[in-house]
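Since the structure comes first, as structure tokens, the remarks are kept for the end.
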Amino acid sequence: MPQPLPLAALHASHAGTWLRDANGNTRGLSKGEAIMAAADTPALMLNAPLVATRLGYPDLSGLDLLELFAFVFPARFCVPTPKGLADALELDEPTSDDTVPALLQLAAGKILEHCESEEWAERDGAWSSLQSLTKMRWPWAQILAPHIRRPERAEKWLFAKLPEWEETPERPQPAQISIPDDTIEAQLDHLTGDGAERRQGQRDYAKAAGKVFEPRDKRDMPHVLLAQAGTGIGKTLGYLAPASLWSNAARGTVWVSTFTKNLQRQLRSESRRAWPEQRPDGSRPVVVRKGRENYLCLLNLEDAMQGGFGGRPAILAQLVARWASFSRDGDMIGGDLPGWLGTLFRKRGISALTDQRGECVYAGCPHYRKCFIERSARASAQADLVIANHALVMVNAARGRDHAQRPSRIIFDEGHHVMQAADSTFAAALTGQETIELRRWIIGPERKNKGRRRGLAARLADVASYDEAGGEAVEAAIKAAQTLPSDGWLQRLNDNEPWGPVESLLAAVRSLTYARDESGGQEAGYGIETEAAQLPGNFVELAGQAESALAAIRHPLIKLGVRLESIIEDAPDWLDGQGRARIEGARHSLSWRVDLLAAWESLLNRMGGPSDPEFVDWLSVERSEAREFDIGVHRRWLDPMKPFAKVVLEPSHGVMLTSATLRDGEDWESAVAASGAPYIEVQPQLSSAESPFDYASRAEVLIVTDIKRGDLPALAGGYARMIEAAGGGVLGLFTAIKRLRAVHGRIADRLARGGLPLFAQHVDPIDTGTLVDIFRDDPRASLLGTDALRDGVDVPGESLRCVVMEGVPWPKPSILHRARRAAGGGSAYDDRMIRARLAQAFGRLIRSKDDKGHFVVLSAAFPSRLLSAFPPGTPVIRLTLDEALQRVSEGVSGKARQPENPGITLDEDSIPF
Ligand code: SF4
């Protein structure tokens, strides 16, 4: 049994606050007393920002067990709750809030004891890191020091320790093969394992998926398959069966693209059935590939550790360096870096350590050969299976660095999100934030102490001195970029003193938006917008001036691109392989910026002219709680699947879109239109496999009829009583953050006192992924959230027994939505969208055949035409709150039943469907 660490320990929940002193006496105390006690002597606590929020005292600091955990066990998973910590350390779980402080003392003792043991797997580098942390006055440093012995030999520092990636030859093009159906079935049997029940739906699905790997007959005419796959048919193994056969026989790469990280995790684990972890040569056949902004940039980390970060962020950099030595792949967002680590440090430290702004200097970087991003790009070129996300697949197709690396066989799982991803990928936004980024990329930082963030001139100094025309182009671009917005632009707009043509345009955008917005957002503090129509003459004139200013930046950048190309073609003696790669990298980033500028110019060019029916343009002021944070002009495709079809579908050989909610009811027409295939005149193949789950007996939809719209106390009461009736395990979904916060504020304390912890997105200082981990880990916990939780939560089993929606998820009536609604059939368009949202939300409830539960809507205004969103056979019942509570507290029996109470009415369209 470990010895508890004899230091005071503090725990605060919505139910109260407890302090245990060094002698082992625990007492409850008021928030004020707790704050005083923590200020006196630093106390042990778990998740200090969360404790601070509970106490209402943001400046609280102490000895956070999570920081200690991150140092001693880097790259290990831990749910950041008392129960999660106890499980991770194999200690007894606390039985009540007042036993938590004792657990914290014991956990600290156990972790320190572990540092002395020979079993400590992550010892390497700890002593050196601790020396740096001691200088930074990290509160744990003094406590840890006696427990970590000095190594006999000097420890290598991270940048020397990481392995280098190998350069590999390009993969030859894949063989053209077809896979017979019986081979696919045999592979499926192999993947599902001996003795697994044969599911016909899954077999048909796998065979249909095999068709996208057939050789293509005509150029620009890929095989496209739309596959509706009801929850539980086993779709991942269904498509991995033909994908693994094809990649093996054809020696090609299959990309599987997902929208959520959960599915990426699931795919990573299921792919092990088809591929080994490593090939005999040590390379990996399955690679997870994400956008560059997800990975740690070693150069940024080095800058941060050498003075770029100060105070608390510098401590974060040290903990990230500890993690980087043990990380599987350097993925900071959703990889093996604990999601909670960034939020412990409150500032945006994590994003500053990634390559957010495309500032990578490629081969000019001293860590290029060890870079996680470069390693992942190379690994994916050789992989059989690349697991990526929709945004990355589209960006790669649109502006991938290397043609050979562009995906040609793609399976878009969670296919109902492809349109949303295409919408953002092919959007143009000329805003203050975007233009200031471009200015920094060209000119470099204008304030000191920004580490390596250097402008174009510094990055291409050798080219400029070698090639006169190239040097002149760099200078011209820098001069022209001075006209872009710079630091302090928002304040200048506020003071009515814009500087330069783009800031002047943004000032006009701001004043016109305030003059015309009628959304009600002005009073509510939300963002506001107005369509880009009927623009006054002076606005059009300012748009013209801004357009010329942007063109003046683009022209020298094009010239510079041409010069770089000719330097590569006619390489001077001094240009070695590394220099060449650096210039290639610069060319790539240049062409991306040139395209960006061209898109902005074309957006401005249309201001005041006739509208282009393919696009929707509007002006906006982005605000949060009435505070402005960005202003600009936006352009979206009316149908983003048009550019998707050209950029992603047309060059591919085979593409599959699959989801449980691809189709609206039995209607394939809208799914085909939404796939983009008609734009390239391809007739998609269609397949459908129904869910094997018995929804009629495992789930009930309850529509509560006696909570009035707009009655916040009644809504909050409804949520609280529903959570009590279910005994926790409730996922509460909202369409407005404001209402979510208001409901949470009214009910969290009451529930906590009853032993029912409540967590909430937009309230608790915890990232969404970690909130879901906490929810999954504790069957008595409930979670409130908005959109991201509607289909990002995969919690099978007891932890999720009930989904409660505040009402019908109507789309936000934005300018973009209005245009698409008009083009998509008016209310029928809205209905399709809402049904899809309801189906996704319902899909959270039943994840496996043993799951059961209730789907509750706390609003009577629920039109029957939307009920087809739920799987056929699911009972839908309209009833009062009391009746609904009764049913929820009884649980779903697992047997189909009829309403026993005459006050309860089955929806007229609901049974049977
Ligand atoms: S190569 Fe680029 S992304 Fe990688 S560490 Fe260097 S600067 Fe960062």
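The values are calculated or read from the model by the stated rules, or taken from the named source; none is laboratory data. Here the structure is a predicted model, which is why all the values come from computation and not from measurement. A quick note on method: Cβ atoms are made from the backbone with ideal geometry, for glycine too, and the neighbour counts reach across all protein chains shown. SASA here: full protein model, heavy atoms, side chains in, ligands and nucleic acids out. Shrake-Rupley method; radii C 1.70, N 1.55, O 1.52, S 1.80 Å.
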Using the structure shown, decide if Ser325 is more than 13 Å from the ligand (Cβ to nearest atom), assigned to a helix (DSSP H, G or I) and under 24 Å from Glu166 (Cβ atoms). yes
What's the number of the condition Asp831 fails, among (1) farther than 20 Å from Leu783 by Cβ; (2) open to solvent by 40 Å² or more (accessible area, probe 1.4 Å)? (2)
Count, please, the residues in region 92-133 that happen to be open to solvent by 60 Å² or more (accessible area, probe 1.4 Å) and either among the hydroxyl-bearing types (Ser, Thr, Tyr) or at positive phi (or both). 1
Inside region 570-591, can you point out the residues that are without any contact (Cβ under 8 Å) to a residue 60 or more places away in the chain and part of a helix (DSSP H, G or I)? Arg587, Leu590
Could you check region 673-755 for strands (runs of 3 or more DSSP E) lying wholly inside it with 3 or more residues that are among the hydroxyl-bearing types (Ser, Thr, Tyr) and within 29 Å of the chain's Cα centre (by Cα)? none
Just checking, which of Arg216, Arg150 is touching a Phe, Trp or Tyr at 6+ places or on another chain (Cβ under 7 Å) and part of a loop (DSSP other than H, G, I, E, B)? Arg150
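One line per residue, one yes/no per condition, for (1) touching a strand residue (DSSP E or B) at 6+ places or on another chain (Cβ under 9 Å); (2) open to solvent by 10 Å² or more (accessible area, probe 1.4 Å); (3) not aromatic (Phe, Trp, Tyr):
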{"residue": "Lys642", "(1), (2), (3)": "no, yes, yes"}
{"residue": "Glu681", "(1), (2), (3)": "yes, yes, yes"}
{"residue": "Phe693", "(1), (2), (3)": "yes, yes, no"}
{"residue": "Lys708", "(1), (2), (3)": "no, yes, yes"}
Considering residues of region 506-551 that are of a type in the set (Phe, Trp, Tyr) and open to solvent by 20 Å² or more (accessible area, probe 1.4 Å) only, the residue nearest to Ser814 (Cα to Cα): Tyr526
Selection status of Asp336, within 15 Å of the ligand (Cβ to nearest atom), in contact (Cβ under 8 Å) with a residue 40 or more places away in the chain and out of contact with any strand residue (DSSP E or B) (no Cβ under 6 Å at 6 or more places or on another chain): no
Being modelled with pLDDT under 90 and in contact with a Phe, Trp or Tyr (Cβ under 6 Å, 6 or more places away or on another chain) narrows it down to one residue among Ile846, Ile815; which is it? Ile846
If Asp281 meets every condition in (1) among the charged types (D, E, K, R); (2) surrounded by fewer than 23 Cβ atoms within 10 Å (Cβ to Cβ); (3) in contact with an Asp or Glu (Cβ under 9 Å, 6 or more places away or on another chain) apart from one, which number is that one? (3)
Out of region 623-662, which residues are within 16 Å of Asp423 (Cβ to Cβ), part of a loop (DSSP other than H, G, I, E, B) and aliphatic (A, V, I, L, M)? Leu638
Give region 460-491 a look and list any residue that's without any contact (Cβ under 8 Å) to a residue 40 or more places away in the chain and buried (at least 18 other Cβ atoms within 10 Å of the Cβ), or say none. Ala464, Gly471, Ile478
List every residue pair whose Cβ atoms sit under 6 Å apart, with the two residues 6 or more apart in sequence or on different chains, where the first one lies in region 295-308 and is within 13 Å of Cys360 (Cβ to Cβ) and the second, anywhere, is buried (at least 19 other Cβ atoms within 10 Å of the Cβ) and among the hydroxyl-bearing types (Ser, Thr, Tyr). Cys297/Thr354
Restricting region 343-390 to residues that are in a loop (DSSP other than H, G, I, E, B) and of a type in the set (D, E, K, R), which is nearest to the ligand (Cβ to nearest atom)? Asp355
Whichever residue in region 794-806 is acidic (Asp, Glu) and more than 16 Å from Ser859 (Cα to Cα) and, among such residues, is least open to solvent (accessible area, probe 1.4 Å): Asp794
Could you tell me how many of the residues in region 351-361 are buried (at least 18 other Cβ atoms within 10 Å of the Cβ) and at pLDDT 75 or above? 5
Residue count for region 592-622, restricted to those that are surrounded by 17 or more Cβ atoms within 10 Å (Cβ to Cβ), part of a helix (DSSP H, G or I) and of a type in the set (S, T, N, Q): 0
Among residues of region 299-313 being away from the ligand (no atom under 15 Å from the Cβ) and assigned to a helix (DSSP H, G or I), the residue most open to solvent (accessible area, probe 1.4 Å) is Arg312
In the list Leu50, Leu55, Leu89, Leu63, which residue meets the criterion of being in contact with a Leu (Cβ under 7 Å, 6 or more places away or on another chain) and either open to solvent by less than 30 Å² (accessible area, probe 1.4 Å) or among the charged types (D, E, K, R) (or both)? Leu63
Could you say whether any residue in region 329-350 is closer than 15 Å to Leu162 by Cβ, open to solvent by less than 50 Å² (accessible area, probe 1.4 Å), at pLDDT 90 or above and more than 18 Å from the chain's Cα centre (by Cα)? no
Exactly one of Pro813, Pro809 is assigned to a loop (DSSP other than H, G, I, E, B) and open to solvent by 30 Å² or more (accessible area, probe 1.4 Å), and that residue is Pro813
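Residue by residue, here is whether (1) without any contact (Cβ under 8 Å) to a residue 60 or more places away in the chain; (2) in a loop (DSSP other than H, G, I, E, B); (3) closer than 26 Å to Thr231 by Cβ holds:
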position	(1), (2), (3)
Glu166	no, yes, no
Pro169	yes, yes, no
Ala196	yes, yes, yes
Gly201	no, no, yes
Lys211	no, no, yes
Please pick out the residue among Ala699, Ala720, Ala726, Ala788 that is closer than 19 Å to Phe855 by Cβ and open to solvent by 50 Å² or more (accessible area, probe 1.4 Å). Ala788
Residue count for region 284-293, restricted to those that are touching a Ser or Thr at 6+ places or on another chain (Cβ under 9 Å) and open to solvent by 40 Å² or more (accessible area, probe 1.4 Å): 2
From the list Leu316, Leu296, Leu263, Leu267, exactly one residue is crowded, with 24+ Cβ neighbours inside 10 Å, more than 16 Å from the ligand (Cβ to nearest atom) and on the phi < 0 side of the Ramachandran plot. Which is it? Leu316
